[in-house]
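Student: The structure follows.
Rule-based calculations on the coordinates, nothing more; no lab input. Since this is a predicted model, take the numbers as computed values, not measurements. Neighbour counts are summed over all protein chains in view; Cβ atoms, including those assigned to glycine, are modelled from backbone coordinates with ideal geometry.
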Amino acid sequence: MTNPYLPVLVLMAVAAVLALGGVAASAVIGPKRYNRAKLDAYECGIEPTPHASGGGRLPIKYYLVAMTFIVFDIEIVFLYPWAVDFTTLATFGLVASLTFLALITVPFVYEWRRGGFDWV
């Protein structure tokens with residue numbers, strides 16, 4: 001009798017070998033022409049500026065855009081099963097979805113109040 005987790009372990013081992021093999025192959029085969037431009041930090045074509053002594057502060061909009069993306073993804077993932085099996089879930093599914101949507105509104109209100117939707 002074989003272990004039912006054996007195919008999963010084999011798949012994980014194959015994935016690890018392929019990932020590590022790709023990194024190793026690129027290190028061995030890839031060109032090694034280093035210059036000043038390749039060694040500098042990428043700043044979208046703008047010359048890097050020195051940061052403040054405390055590390056500086058980034059605008060909150062960068063984080064708010066990431067938070068919006070994550071919240072939309074989570075919302076879709078959790079609402080999809082309810083939309084697919086609407087008849088079986090019935091009232092419980094409706095109440096659970098409405099509760100979830102009410103909780104999801106909190107980050108949106110936070111982002112709106114912080115000016116995350118103002119792109120001017």
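Student: Where does the charge balance sit around Val65 when Lys and Arg score +1, Asp and Glu -1, over other residues with C-beta under 14 Å from its C-beta?
Tutor: So the surrounding residues net to -1.
Student: Got a sec to turn the phi values of the range 61-72 into Karplus ³J(HN,Hα) couplings, 6.51 cos²θ - 1.76 cosθ + 1.60 with θ = phi - 60°, whole Hz, x for Gly and Pro?
Tutor: Whole-Hz 3J(HN,Hα) from phi for the range 61-72: 4, 4, 6, 5, 5, 5, 5, 4, 4, 5, 5, 5.
Student: Once you place label points 7 Å from the Cα toward the Cβ at Ala102 and Arg114, how far apart are they in nm?
Tutor: 2.4 nm
Student: Something else now. Going by how many other beta carbons lie within 10 Å of each one, how would you line up Lys61, Lys32, Lys38, fewest first?
Tutor: With the fewest neighbours first, Lys61, Lys32, Lys38 line up as Lys32, Lys38, Lys61.
Student: Can you work out the PRE-style zone for Tyr62? Point 7 Å along Cα to Cβ, and I want the residues of the range 72-116 with backbone N under 18 Å.
Tutor: Backbone N within reach: 115-116.
Student: From the backbone phi of the range 94-102, what are the Karplus-calculated ³J(HN,Hα) couplings (6.51 cos²θ - 1.76 cosθ + 1.60, θ = phi - 60°) in whole Hz, Gly and Pro given as x?
Tutor: With coefficients 6.51, -1.76 and 1.60, one gets 5, 5, 4, 5, 5, 5, 4, 5, 5 Hz.
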